[in-house]
Amino acid sequence: MTQNQKEVRTRIAPSPTGYDLHVGSVAVALMNYAWAKKHSGKFIVRIEDTDRKRVVKGAETRILKTLKLIGLSADESPLVGGPFGPYRQSERLEIYHHYAQILIKKNFAYYCICAPERLDKIRKEQLSKKKPPRYDRHCLINQETVTKKIKTGIPYVIRLKVPSNQEIFINDLVRGRIVFKSDDLDDQILIKSDGFPTYHLAVVVDDHLMKINYVIRGEEWLSSTPKHIILYQAFSWSLPFFAHVPLLRNPDRSKLSKRNNPVWVSFYLQQGIIPEALLNYLSLMGWSHPSGKEIFSLEEYVSVFDLRDIQKTAPVFDPVKLEWMSGEYIRKLSSNQIKSMILDFFKNYQNKNLPEPLIEKTIPLIKERIKKLSDYGDYCQFFFSRPKEYELDLSDKKELLKKIFHELKSISDWKSEIISRKMTELAKSNQLNTGEIFMILRVLITGKKVSPPISESLVILGKEESLKRIEACGIS
Ligand code: GLU
């Protein structure tokens with residue numbers, strides 16, 4: 001059977017070493033997901049937690065939760081299991097040891113007991129001679145003595161014996177053919193002294209055992225790939241296809257990092273960016289829709305995505321554009337859908353139970369304005385509580401405030417058209433700009449200079465509450 005006839009199996013292999021899932025990881029996850037689904041294959045999530053010093057408490061749970069929230073469900077993962085589990089590397093240590101032993105037997109790996117001080121010393125010497133730092137294979141030539149010492153309990157590592165003078169080719173689906181020289185590679189540690197494997201051994205063993213045939217990942221892993229290829233060859237395993245995709249950049253083209261923009265997906269979800277919009281936007285990172293469309297469903301993405309269309313240039317991740325897209329998604333929802341999303345959002349992220357009937361009334365006022373669900377709170381907070389601060393100083397406008405108060409008080413049919421008409425007339429009779437009156441009214445009622453349409457907002461608040469708010473400013 002050739003690679004092409006096999007079931008397509010892709011994976012993402014996040015390390016729980018940050019807060020959550022990086023937006024760039026979701027962009028890569030989308031490609032993996034789409035490629036698998038397009039071919040009715042399987043999309044796998046494996047947690048790579050072998051770098052114990054860097055593991056962040058709670059990160060794995062947050063990563064898996066985020067994937068669920070954004071709707072990228074895995075066919076196999078630590079949560080749902082699957083035929084090739086466990087899907088958490090820290091639970092697969094015996095497997096890595098087994099394969100490390102095979103490499104030792106085949107003479108592709110060796111034990112090393114060099115103390116960190118010695119390694120440091122040779123490293124410094126090499127650097128001072130302007131040579132790339134490499135392990136000098138001190139232990140390789142003494143394997144018998146080394147193994148004896150290991151039996152006495154001395155800490156050791158297992159290193160890859162990189163074959164000398166070889167050219168290693170990668171036929172990358174994005175970057176084309178790339179050649180590396182084995183002589184440029186160090187004898188990579190495969191098993192560390194804490195008994196955990198390094199990423200390099202674990203990734204190759206797992207991708208092979210989990211039958212991953214497309215390795216689609218960020219280009220930061222490209223320089224590791226020759227080591228992986230050496231391992232595949234050492235085991236006599238067939239290579240997967242590789243696709244190394246460009247990393248995201250900030251709008252100023254600098255590398256996307258926490259310092260410039262928030263990078264964790266949970267941040268955007270906590271802001272109430274619509275998850276479908278987040279996926280849609282991230283699917284455009286390094287790939288474009290064949291007909292130039294910007295907005296499309298995940299389903300459509302899966303059907304039109306092609307690995308061969310991934311661009312080589314680094315895509316720009318622009319949170320402003322993401323917000324815009326989220327707003328477009330909100331526009332497409334029914335008022336009922338928006339209501340439920342707002343209710344869920346405030347409950348889940350802000351631990352607030354908002355009153356449903358009131359929310360329902362406000363939706364027509366904000367539907368065209370909000371870009372993310374948290375905007376609802378910014379715009380509509382005043383419906384739930386009186387303003388504590390005012391964005392305009394109204395202290396020198398007492399006379400005008402009184403007039404506004406009495407004008408509103410005289411309205412018996414509390415409708416937005418009537419409120420607007422009365423305010424317009426008041427402006428005219430006082431030789432004032434209509435906009436000014438409405439701005440004052442807005443600040444009186446909401447505390448803010450920007451709000452949903454004010455006359456409609458007054459109707460929702462009711463006459464009594466509206467007048468009370470004006471009174472609260474010391475007018476009667
Ligand atoms: N564990 C690596 C990461 O944190 C995965 C690299 C790969 O996909 O091979 O991104």
Next on the checklist: To make sure I understand, if each residue's beta carbon is the centre and we count other beta carbons within 10 Å, what order do D252, D75 fall in, fewest to most?
Outcome noted: D252, D75
Item to check | Straight-distance crosslink candidates among lysines, where the alpha carbon sits under 26 Å from K397 and sequence neighbours closer than 8 are dropped | outcome: K388, K409, K415, K422, K428, K448, K449, K463, K468
Next on the checklist: Suppose a student asked you for the relative contact order of the chain, using Cα pairs under 8 Å spaced at least 6 residues apart; what percent would you report?
Outcome noted: 13
Next on the checklist: Can you give me the angle between helix 356-366 and the longest principal axis of the chain, using Cα atoms only, in degrees from 0 to 90, rounded to the nearest 10?
Outcome noted: 90
Next on the checklist: At a 10 Å Cβ-Cβ cut-off, how would you order R217, R137, fewest neighbours first?
Outcome noted: R137, R217
Item to check | Within the chain, helix-based [θ] at 222 nm, where runs of 4 or more DSSP H residues each add -39,500 (n - 2.57), nearest 500 | outcome: -14000 deg cm²/dmol
Item to check | Antiparallel bridges, percent of DSSP beta bridges restricted to the chain (to nearest 5) | outcome: 55
Checklist entry - Counting pairs of Cα atoms in the stretch 1-114, how many percent are more than 26 Å apart? => result 31
Checklist outcome for this item: Expressed in angstrom and rounded, the centroid-to-centroid distance over alpha carbons for the stretch 212-281 and the stretch 442-476 is 50
Checklist entry - Scattering from the C-alpha atoms of the stretch 252-328 alone, worked out with Debye: what is log10 I(q)/I(0) at q = 0.15 1/Å? => result -0.55
Checklist entry - On a 0 to 90 degree scale, rounded to 10, what angle separates helix 398-409 from the longest Cα axis of the chain? => result 80
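What ranking do I154, I47 get, fewest neighbouring Cβ atoms within 10 angstrom at the top?
Neighbour counts put them in this order, fewest first: I154, I47.
If R₀ is 56 angstrom, what is the calculated FRET efficiency for the pair V450 and D183, using the beta carbon separation as r and rounding to 0.05?
So, using R0 = 56 Å, E works out to roughly 0.30.
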Item to check | Estimated FRET transfer efficiency (T145, K312; beta-carbon r; R0 51 Å; 0.05) | outcome: 0.55
Next on the checklist: Lone cysteines in the chain, defined as no other cysteine's Cβ under 4.7 Å from theirs: which are they?
Outcome noted: C114, C380, C473
Checklist entry - Counting only residues 5 or more places away or on other chains, whose amide H sits under 5 Å from the amide H of V316 once H atoms are built in the peptide plane? => result R249
Checklist outcome for this item: Residue by residue through the stretch 188-199, the couplings from Karplus 6.51 cos²θ - 1.76 cosθ + 1.60 with θ = phi - 60°, in Hz, x for Gly and Pro, are 4, 5, 9, 10, 8, 5, 7, x, 8, x, 7, 3
Item to check | For a label point 7 Å along the Cα-to-beta-carbon line of K388, residues of the stretch 440-476 with backbone N under 16 Å | outcome: 446-448
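Expected output is a single nm value to one decimal: the length gained when fully extending between K57 and Q101, i.e. 0.36 nm times separation in residues minus the C-alpha distance. What is it?
Using 0.36 nm per residue and subtracting the Cα-Cα distance, I get 12.7 nm.
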Next on the checklist: Using the Karplus curve 6.51 cos²θ - 1.76 cosθ + 1.60 with θ = phi - 60°, what ³J(HN,Hα) values do you get for each residue of the stretch 210-218, in whole Hz, with x for Gly and Pro?
Outcome noted: 8, 6, 6, 10, 10, 9, 10, 8, x
Checklist entry - When each pair of different Cα atoms in the stretch 76-221 is counted once in the 1/r mean, what is the Kirkwood radius in angstroms, to one decimal? => result 17.3
Checklist entry - To the nearest 10 degrees, how steeply does helix 59-70 sit against the main Cα axis of the chain, on a 0 to 90 scale? => result 60
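Can you give me the relative contact order of the stretch 62-177 as a percent, contacts being Cα pairs under 8 Å and 6 or more apart? Walk me through the numbers on the way to the answer.
On the way: 78 pairs, mean separation 26.2, N = 116.
The normalised contact order for the stretch 62-177 reaches 23 percent.
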Checklist entry - What does the chain give for Rg and for Dmax, in Å, if only its C-alpha atoms count? => result 30.7, 103
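Here, each number is a calculation from the coordinates, and none is a lab measurement. Please read these numbers as outputs of a predicted model, since none were measured by experiment. Reconstructed Cβ throughout: ideal geometry from the backbone, glycine too, with neighbour counts over all protein chains shown.
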